[in-house]
């Protein structure tokens, strides 16, 4: 036991360690330092690096976010078909496990890198940076990043994207934007997916969903899409083309 | 539950500040967390208890300052306090508002143990 304070340290530890500062040769005091940097500063810097790198290659990067099962991968598959050769797409897929989604995209003839995050609930800028090494950036116009299905965590991590897209399936509640404000406030475009099911669902109101998005002070365009009705994808593809032109004009 | 990842990033920023100030021990960490940051204060505190083990901040106290959600109306120019999912002007009800506060996820300051002569020099 230590004689100084009665703690459980053995005499040997008391002798060799700077025990409780009691035997410190120099007196210690405290100093308060103002920092004022973002807690996710390290991620934000990596994201800025990704954005600059993608910008140099004239690539538009879009971060797709939603709950699991709202149709992100189906949207991507149908988007690839609908775009045809008008611009070149590549996909980064984020999931906790499996290569399944990347396989679905590759089956469409489009390069795809799967990130499996293990137990991590979101993608971050470093994961996307590493995934970029698996893509030929000279052969891409639009990079679609399918984030981990989750309406909470992905909203906090910048990946280096140019725009955020949030999907809200009509099989979910139309009040999801009110329940997950951080995610839907960050969305530059909101897509009401599985819109073909609206006829058989009497509890989803697109107008109410739009009202909840506006209540987040978000002017984002709200599109109605269905991967089963390719004709509904035209406004989404036109949006991508506009974003790509803006991105290249800014570069 | 991304608060652990947020905490690890926080500890990285804290370690950087400590190194820049020649300190080997952090006494206190003060952060500001807004309701629209996507991070929950109580979860951050619990994650901190795990993440700090074996770091320079192992014995540090974490203070989480809550930040109100405030918006400024673009139409009537009035600033009002509101809820995270009702970013509307408190006077005219418009959604044409800018967020003045509430999205913060900031390391505000750290209190560091330094040798007395080093502290006196600042």
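Values in this text are rule-based calculations from the coordinates and carry no lab data. All of these numbers come straight from a predicted model, not from anything done at the bench. Quick reminder, even Gly has a Cβ in these numbers, built from the backbone with ideal geometry, and neighbours come from all protein chains shown.
Structure notes:
- For chain B, convex hull volume per residue from C-alpha positions, Å³: 115
- Available extension along the chain between residue A:86 and residue A:129 is 12.9 nm, counting 0.36 nm per residue and deducting the alpha carbon span.
- Residues considered: A:151, A:123, A:36. Largest GNM mean-square fluctuation over chain A, using C-alpha springs under 10 Å, is found at A:36.
- Compactness check for region A:157-205: Cα Rg over 2.2 N^0.38 Å is 1.27.
- Most simply put, the protein assembly as shown has about 45% antiparallel DSSP beta bridges, counting only bridges with both residues inside it.
- Based on DSSP H segments of at least four residues, each scored -39500 (n - 2.57), chain A has a per-residue ellipticity at 222 nm of -9500 deg cm²/dmol.
- Shown for A:191, A:127: other C-beta atoms within 10 Å of each C-beta, ranked fewest to most, produce the order A:127, A:191.
- Ranking of A:108, A:194 by count of other Cβ atoms within 10 Å, fewest first: A:108, A:194
- Over all Cα atoms in chain A, the spread is summed up by Rg and Dmax: 24.2, 82 Å.
- Using a cutoff of 8 angstrom between alpha carbon atoms and counting only pairs six or more residues apart, the relative contact order for chain A works out to 22 percent.
- 222 nm mean residue ellipticity, helices alone, for chain B (DSSP H n ≥ 4; -39,500 (n - 2.57); rounded to 500): -9000 deg cm²/dmol
- Oblate is the label for region A:34-89, because a/c, from the alpha-carbon gyration tensor with a ≥ b ≥ c as root eigenvalues, is 1.5 or above and a/b does not exceed b/c.
- Shape of region A:101-140, Cα gyration tensor, a/c cut at 1.5: oblate
- Whole-number Å³ per residue for the convex hull built on Cα positions in region A:101-217: 131
- From the alpha carbon centroid of region B:40-87 to that of region A:35-108 is 28 Å.
- Neighbour counts of other Cβ atoms within 10 Å put B:75, A:59 in the fewest-to-most order B:75, A:59.
- Length available on full extension from residue A:175 to residue A:196: 0.36 nm per residue minus the Cα-Cα distance, which gives 5.6 nm.
- Most fluctuating residue given options A:105, A:237, A:39, as computed from a GNM of chain A linking Cα atoms under 10 Å: A:39
- Gyration tensor (alpha-carbon) shape descriptor, region A:174-251, a/c threshold 1.5: oblate
- C-alpha long axis of helix B:3-20 to longest principal axis of chain B, angle in °: 50
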